[in-house]
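The values are calculated or read from the model by the stated rules, or taken from the named source; none is laboratory data. None of the values given here were measured: they were computed from a predicted structure. Here Cβ is always computed from backbone atoms with ideal geometry, including for glycine, and neighbour counts include all displayed protein chains. SASA here: full protein model, heavy atoms, side chains in, ligands and nucleic acids out. Shrake-Rupley method; radii C 1.70, N 1.55, O 1.52, S 1.80 Å.
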Amino acid sequence: MATSLQSPLSSAATSTFEELGFLLALPVDGDARPLAHGARVDFRGPRTGCLELRVSATLLPVVAANMLGSVDVPSFALQLDALGELANVITGNVVPALDGPRAVYRLDAPVLAARGEGRAAAAEVTLRFDEGDALVQLFLDEPARAA
Amino acid sequence: MALAILIVDDSVVMRAMIRRTLTAGGIAVARIGEAGNGQDALDAIASDRWDLVIADLNMPVMDGEAMLASIRAHPLTRRLPVIVVSTESSETRVEALRRLDAAFVHKPFTPALLAGEILRLTGGPDGHLAPVSTELGGDVDF
């Protein structure tokens, strides 16, 4: 499962940061940078689970300003709104990989995730930018569709 | 014709991104309104004239599908052009939206993609909409 979800998760995360946040991911080398802020999106459908996006404190204001087209640092509330929207878009783009393009999934509104899920992710990807790191993790509640 | 456009999304940042796309994408805009959910959008549609609605799907209070169904069910708004801008990737749900005569733009979108869809729906930079907007304005009761 992790292998089959890794590629769509990476693709969804990369394209979302690129097209919404105007940030191009760099090769990940060296130590991971501290993550400070997180957002989670729960989803329900043939499977249930959530996607969690956590970013460095130095990355969040930059990506939020880019999304807003602002040269000024957005308010923290707007930064968190931007974080939630990024998580929402990544989630919407990765759930089709779970059960195919015709499966219907409902996404809940993004919520702040102060701490990580504390369990093994079905797939995860780290994106590195000049401004910091972003960790995207996909968690599944059910390992397989009910018969 | 400059358009009156209502942007419906629960994310302030996404509404700002769409607003920026409109102003930077060559769209002739008369005015832009914003709503944070489907119910607020219906209230805005009931009280003012709009040429185009750009709406998210997943929103609190009333989601975009329910809002779209209400718009299509009312004789004065059934032809109001609607573009759904969403992360939705299910072919099943996208087909349902198209049956409700909504255009669809997938998130993440490029400014050019959204602007292109608006121009297609409104007949291009020099085009004009069907006179649906003249039917609206103050007397619509959802």
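Would you check if residue B:122 is modelled with pLDDT under 90 and open to solvent by less than 30 Å² (accessible area, probe 1.4 Å)?
yes
Of the numbered conditions (1) open to solvent by 40 Å² or more (accessible area, probe 1.4 Å); (2) at pLDDT 95 or above; (3) assigned to a helix (DSSP H, G or I), residue A:97 fails exactly one; give the number of that condition.
It fails just one condition, (2).
Anything in region B:1-18 that is open to solvent by 20 Å² or more (accessible area, probe 1.4 Å) and out of contact with any strand residue (DSSP E or B) (no Cβ under 6 Å at 6 or more places or on another chain)? List them, or say none.
Passing the criteria: B:1, B:10, B:12, B:16.
Quick one: in region A:9-50, which of the residues that are aliphatic (A, V, I, L, M) and in contact with a Phe, Trp or Tyr (Cβ under 7 Å, 6 or more places away or on another chain) is nearest to the other protein chains (Cβ to nearest Cβ)?
A:23
Right, residue A:94: within 7 Å of another protein chain (Cβ to nearest Cβ), under 18 Å from residue A:139 (Cα atoms) and in contact with a Leu (Cβ under 8 Å, 6 or more places away or on another chain) or not?
So residue A:94 fails the test.
Is it the case, given these coordinates, that residue A:112 is buried (at least 18 other Cβ atoms within 10 Å of the Cβ) and touching a helix residue (DSSP H, G or I) at 6+ places or on another chain (Cβ under 9 Å)?
It is false that residue A:112 is buried (at least 18 other Cβ atoms within 10 Å of the Cβ) and touching a helix residue (DSSP H, G or I) at 6+ places or on another chain (Cβ under 9 Å).
Which numbered condition trips up residue B:130, out of (1) at pLDDT below 90; (2) outside any loop (DSSP other than H, G, I, E, B)?
Residue B:130 satisfies all of (1) at pLDDT below 90; (2) outside any loop (DSSP other than H, G, I, E, B) except (2).
Does residue B:61 satisfy the criteria of being within 14 Å of chain A (Cβ to nearest Cβ) and open to solvent by 10 Å² or more (accessible area, probe 1.4 Å)?
Spelling it out, residue B:61 is indeed within 14 Å of chain A (Cβ to nearest Cβ) and open to solvent by 10 Å² or more (accessible area, probe 1.4 Å).
Just checking, how many residues over region A:89-113 are among the small types (Gly, Ala, Ser) and more than 16 Å from residue A:13 (Cβ to Cβ)?
3
Of the residues A:68, A:20, A:78, which is closer than 24 Å to residue B:109 by Cβ, in contact with a Pro (Cβ under 6 Å, 6 or more places away or on another chain) and free of Cβ contacts under 8 Å to residues at least 40 places away in the same chain?
A:68
Of the residues that sit in region B:74-110 and are farther than 28 Å from residue A:23 by Cβ and touching a residue at least 60 places away in the same chain (Cβ under 8 Å), which one is farthest from the other protein chains (Cβ to nearest Cβ)?
Residue satisfying both the conditions and the ranking: B:76.
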